[in-house]
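Q: If you scroll down you'll find the structure; I have some questions about it.
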């Protein structure tokens, strides 16, 4: 409707001669009206698609508020010549609805600058007073289904794929999962009311460091009362460096006017996240639809920023801040000694199960690359390669939930998931690796791989690399110098043979030798000759395709090509232990062995295969599988069960759909480059090495003697933990920082890690 038409309608139906200026609007057309005496009004035109009963509800709620102590903060409705608050214009499909409201003076919140604590407090107080005034208000049109009603948050999932960025879509899906598990079950127990439902930064008016008013009841709905506060907090948190403090100030003011229950406060964090998720999904959906209405996108950028801030805030810390703001007692126990828990752990759990860090962490929740403890602390997980695609990745969690709710049994019954996953897994591997055996752990899979190699070769001798670690089963321990040569170890078994660790930094052949790989491989050749000279044959050679416990060491170029040649010539089987390095972690390739341009006879998979679910596998050739089929049944009660298979499929799906291998490559290169910059600055960093997000930084006291920087490295690990970064150490001398985060770890995380590591190294060196 053009300005002249609006001017005519106002004069015709309200008897007002006004100047008309067009204003922006989300769904309705809005106009500023001003008469000759300077009196201002707001004109609103709603189309035929608008529900006239809802328009009546908006009128009635304003009329209700006009009779309360908070009346000055709300518009009044002008009646037309027939004493009606809504004027119907036109007929049939061209029908429109005209309303004229009084004008409220003030700047919109978005244009009022950074709010003071006093303003944030007053915002909460204003909203609480309004909600108190609306207690008992009733209108049947408010009992409706509304996409902006937070109790309908999960309906937004239908359009989540409109978000094209993998990281953003994953984060929204994570918060929706938390809403489903944490909030949805509580909704029936929360207080209900008719609420405004949209106290956004363009509906709130500010004047003289106080809230002057709230406009636009177009989203009003009967829902959980606390949703109104959650939405208010959401917009108060936008553009804030400390969004939690801003929200707490709002909560304090609200609680003073409209006391909250403990249950409502406990829901606030995830309700704020829910509002942000609905907002960004709607913006993305409008973008896909080709909308050019700026109001569809006006909050999109700050909403994304706040979501990134929110996921770094421990929900425990958020709830505690809200409780304290409301005058309730803190639920956080500040004592970090955990004496009762540690005492019972020692009584009930084997004492040689170690605990990380001098002051133990009690981790209670995971969120992609973040971990939350019970004290309100948030940590970036830089070492947990078990959660390959991120802690509580929503796709993986949903797959496990749905299959567990349907069926979980063993492989003696037919089920499609077993074949479906085996097909998907082998599609990532080269020929002839096409036969799968599923187990519950990498240790069990390594054990099985050695057993199969001995069936195939009819030999027992196995070659491993010095300092290697292949698991905790009896057979795997016999393959692990890291264990059998260490404290409490029984020493090397006669049938296990240790080869030199091909370490280009500390070993006899280093980076400056382009033939180092072939030279190191000669040690394997000599061992084979020795075994043959004793009248024995070799069953297998097994090694990680990048060495983990051995020191985060990439193998020298050409090493496995030569080693596999020697082993196969001697009749042995080549086993690639991909437990720590597979599934795209190394970035350049999907599997670590591909970096060496070889194809093993068996691949052992663990840790990342199930993202923390107990799932592992051996994938081998048909010939080896046939030899293993010697009449003795191989059966694993839980290996290959439907839930594990659904989990494995979901992990593969996530890796592929979210392009995690490419992400690992780009993030890893960025991270490695940053570490090399620090190496140029800090002499304590002797070497930086790795591929993708499999990274090691070796700390030394002297770059010539290579004396290991121990205990300095332990101080670094503890100080980084105190700064919110969880890392650990590896290597024969325990002087290598190991960095193997979930693949959702991003460049921002890497930059934060590098900045803090720089500061910590300054402290340690000083």
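Q: Which of the residues that make up region 524-547 are in contact with a strand residue (DSSP E or B) (Cβ under 7 Å, 6 or more places away or on another chain) and without any contact (Cβ under 8 Å) to a residue 60 or more places away in the chain?
A: 545
Residues are listed down the side, and each one gets a yes or a no for (1) part of a loop (DSSP other than H, G, I, E, B); (2) in contact with a helix residue (DSSP H, G or I) (Cβ under 6 Å, 6 or more places away or on another chain); (3) assigned by TED's automatic domain parsing to the domain that holds residue 225:
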residue	(1), (2), (3)
255	no, no, yes
260	yes, no, yes
263	no, no, yes
271	no, yes, yes
280	no, yes, yes
283	no, yes, yes
286	no, yes, yes
290	yes, no, yes
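Q: Listed residues 713, 695; which is buried (at least 20 other Cβ atoms within 10 Å of the Cβ) and part of a strand (DSSP E or B)?
A: 695
Q: So which of 468, 521, 445 is part of a helix (DSSP H, G or I), under 36 Å from the mean Cα position of the chain (by Cα), crowded, with 20+ Cβ neighbours inside 10 Å and in contact (Cβ under 8 Å) with a residue 24 or more places away in the chain?
A: Residue meeting the stated conditions: 445.
Q: Would you check if residue 174 is buried (at least 17 other Cβ atoms within 10 Å of the Cβ), in contact with a strand residue (DSSP E or B) (Cβ under 9 Å, 6 or more places away or on another chain) and either in the same structural domain as residue 69 (by TED's automatic domain parsing) or in a loop (DSSP other than H, G, I, E, B) (or both)?
A: no
Q: In this structure, is residue 194 surrounded by 24 or more Cβ atoms within 10 Å (Cβ to Cβ), farther than 14 Å from residue 274 by Cα and in contact with a helix residue (DSSP H, G or I) (Cβ under 8 Å, 6 or more places away or on another chain)?
A: yes
Q: Residue 460 - would you say it is surrounded by fewer than 20 Cβ atoms within 10 Å (Cβ to Cβ) and under 26 Å from residue 559 (Cα atoms)?
A: Working: surrounded by fewer than 20 Cβ atoms within 10 Å (Cβ to Cβ): yes; under 26 Å from residue 559 (Cα atoms): yes.
Spelling it out, residue 460 is indeed surrounded by fewer than 20 Cβ atoms within 10 Å (Cβ to Cβ) and under 26 Å from residue 559 (Cα atoms).
Q: Here is a further query. Out of curiosity, is residue 314 farther than 29 Å from residue 235 by Cβ, in contact (Cβ under 8 Å) with a residue 40 or more places away in the chain and not assigned by TED's automatic domain parsing to the domain that holds residue 713?
A: Working: farther than 29 Å from residue 235 by Cβ: no; in contact (Cβ under 8 Å) with a residue 40 or more places away in the chain: yes; not assigned by TED's automatic domain parsing to the domain that holds residue 713: yes.
Judged against the criteria, residue 314 is not a match.
Q: Need the failing condition index for residue 451 against (1) out of contact with any strand residue (DSSP E or B) (no Cβ under 6 Å at 6 or more places or on another chain); (2) assigned to a helix (DSSP H, G or I); (3) surrounded by 19 or more Cβ atoms within 10 Å (Cβ to Cβ), just the number.
A: For residue 451, the failing item is (3).
Q: Here is a check on your reading of the model: is residue 690 outside the structural domain of residue 510 (by TED's automatic domain parsing), under 29 Å from residue 167 (Cβ atoms) and not in a helix (DSSP H, G or I)?
A: yes
Q: Okay, next question. Kindly indicate whether residue 75 is assigned to a loop (DSSP other than H, G, I, E, B), crowded, with 19+ Cβ neighbours inside 10 Å and outside the structural domain of residue 197 (by TED's automatic domain parsing).
A: The answer is yes for residue 75.
Q: Please go through region 100-122 and give me each residue that is closer than 25 Å to residue 19 by Cβ, surrounded by 15 or more Cβ atoms within 10 Å (Cβ to Cβ) and under 46 Å from the mean Cα position of the chain (by Cα), ordered by number. Break it down into steps so the answer makes sense when it comes.
A: Step one: list which residues in region 100-122 are closer than 25 Å to residue 19 by Cβ, which gives 100-108, 111.
Adding the requirement that they be surrounded by 15 or more Cβ atoms within 10 Å (Cβ to Cβ) leaves 100-104, 106.
The answer is 101, 103, 104, 106.
Q: Also: Tally the residues that are buried (at least 24 other Cβ atoms within 10 Å of the Cβ) and within 13 Å of residue 191 (Cα to Cα), restricting the search to region 225-238.
A: Adding up the residues that qualify gives 4.
Q: Moving on. Within region 292-303, track down each residue that is part of a helix (DSSP H, G or I), in contact (Cβ under 8 Å) with a residue 12 or more places away in the chain and out of contact with any helix residue (DSSP H, G or I) (no Cβ under 6 Å at 6 or more places or on another chain).
A: Once the filter is applied, which keeps residues that are part of a helix (DSSP H, G or I), in contact (Cβ under 8 Å) with a residue 12 or more places away in the chain and out of contact with any helix residue (DSSP H, G or I) (no Cβ under 6 Å at 6 or more places or on another chain), region 292-303 yields 294, 295, 302.
Q: Condition check: in contact with a strand residue (DSSP E or B) (Cβ under 7 Å, 6 or more places away or on another chain), more than 14 Å from residue 273 (Cβ to Cβ), buried (at least 18 other Cβ atoms within 10 Å of the Cβ) and touching a residue at least 12 places away in the same chain (Cβ under 8 Å). Does residue 128 satisfy that?
A: no
Q: Do we find that residue 682 is within 17 Å of residue 586 (Cβ to Cβ) and touching a helix residue (DSSP H, G or I) at 6+ places or on another chain (Cβ under 7 Å) in this structure?
A: So residue 682 fails the test.
Q: Sticking with this structure for a sec: What are the residues in region 151-168 that are within 22 Å of residue 301 (Cβ to Cβ) and without any contact (Cβ under 8 Å) to a residue 60 or more places away in the chain, if any? Write out each step before concluding.
A: Let us first name the residues in region 151-168 that are within 22 Å of residue 301 (Cβ to Cβ), namely 153, 156, 159-168.
Selection gives 161, 165.
Q: From the list 372, 357, which residue is closer than 26 Å to residue 397 by Cβ and touching a residue at least 40 places away in the same chain (Cβ under 8 Å)?
A: Working: 357 fails: closer than 26 Å to residue 397 by Cβ.
After ruling out the rest, the residue left standing is 372.
Q: Is it true that residue 409 is at pLDDT below 95, assigned by TED's automatic domain parsing to the domain that holds residue 590, surrounded by fewer than 18 Cβ atoms within 10 Å (Cβ to Cβ) and part of a loop (DSSP other than H, G, I, E, B)?
A: yes
Residue-by-condition table, conditions (1) in the same structural domain as residue 677 (by TED's automatic domain parsing); (2) crowded, with 21+ Cβ neighbours inside 10 Å; (3) farther than 24 Å from residue 510 by Cα; (4) touching a residue at least 12 places away in the same chain (Cβ under 8 Å):
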residue: 704; (1), (2), (3), (4): yes, no, no, no
residue: 721; (1), (2), (3), (4): yes, no, yes, yes
residue: 724; (1), (2), (3), (4): yes, no, yes, yes
residue: 728; (1), (2), (3), (4): yes, no, yes, yes
residue: 735; (1), (2), (3), (4): yes, yes, no, yes
residue: 744; (1), (2), (3), (4): yes, yes, yes, yes
residue: 756; (1), (2), (3), (4): yes, no, yes, yes
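Q: Does residue 313 count as outside any helix (DSSP H, G or I), under 30 Å from residue 110 (Cα atoms), touching a strand residue (DSSP E or B) at 6+ places or on another chain (Cβ under 9 Å) and at pLDDT 90 or above?
A: yes
Q: Could you list, in sequence order, the residues of region 485-512 that are touching a strand residue (DSSP E or B) at 6+ places or on another chain (Cβ under 8 Å) and closer than 25 Å to residue 440 by Cβ?
A: Going through region 485-512, the residues touching a strand residue (DSSP E or B) at 6+ places or on another chain (Cβ under 8 Å) turn out to be 492, 495-506.
Scanning region 485-512 gives a single hit, 496.
Q: Which residues, counting only those in region 139-164, are touching a helix residue (DSSP H, G or I) at 6+ places or on another chain (Cβ under 9 Å) and part of a loop (DSSP other than H, G, I, E, B)?
A: Once the filter is applied, which keeps residues that are touching a helix residue (DSSP H, G or I) at 6+ places or on another chain (Cβ under 9 Å) and part of a loop (DSSP other than H, G, I, E, B), region 139-164 yields 139, 144, 145, 146, 147, 148, 149, 163, 164.
Q: Something else now. Restricting attention to region 40-68, which residues are closer than 26 Å to residue 91 by Cα, in a helix (DSSP H, G or I) and out of contact with any helix residue (DSSP H, G or I) (no Cβ under 8 Å at 6 or more places or on another chain)?
A: 52, 55, 58, 59, 60 - these are the residues of region 40-68 that are closer than 26 Å to residue 91 by Cα, in a helix (DSSP H, G or I) and out of contact with any helix residue (DSSP H, G or I) (no Cβ under 8 Å at 6 or more places or on another chain).
The values are calculated or read from the model by the stated rules, or taken from the named source; none is laboratory data. Nothing here was measured: the structure is a model prediction, and the numbers come from that model. As a convention, Cβ positions derive from the backbone with ideal geometry for all residues, glycine included, and neighbour counts pool all protein chains shown.
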